[in-house]
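Structure record follows, encoded as structure tokens.
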Amino acid sequence: MGNPRPRPQRLAGKLRQIREALELSQTQMLARLGFEDSMHYGRISQYENDEREPALNTLLAYARVAGVHLEDIVDDDLDLPAKLPGNIRRPRRRK
């Protein structure tokens, strides 16, 4: 199987930081991410406690909700902005 890819050490804390900065409960965060119909709110807790690593599409949803680049979330060498949501302008999404 090979070696597993390294997990970002600060990911769980950054995901919690995003939710708390937006003043959302775990249930509200799940709805804001757009996964309320496909995921249990307990998954947010698992992400924030580093018990489970989110899928790429989940991380992308966090980045969009937080108004930051995905790189800001997954790169341990980068900090999230002091004020969230950030001001990243997103191009229009394809339909």
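The values are calculated or read from the model by the stated rules, or taken from the named source; none is laboratory data. The structure displayed is predicted, hence computed values, not measured ones. Backbone-built Cβ (ideal geometry, glycine too); neighbour counts: all protein chains shown.
Assorted remarks:
- Selection within segment 44-95 - under 15 Å from residue 14 (Cα atoms) and basic (Lys, Arg): 52, 64, 83
- Residue count for segment 9-51, restricted to those that are at pLDDT below 95 and either aromatic (Phe, Trp, Tyr) or under 13 Å from the mean Cα position of the chain (by Cα) (or both): 1.
- Any hit, segment 78-95, residues being of a type in the set (A, V, I, L, M, F, W, C), touching an Asp or Glu at 6+ places or on another chain (Cβ under 7 Å) and on the phi < 0 side of the Ramachandran plot: yes
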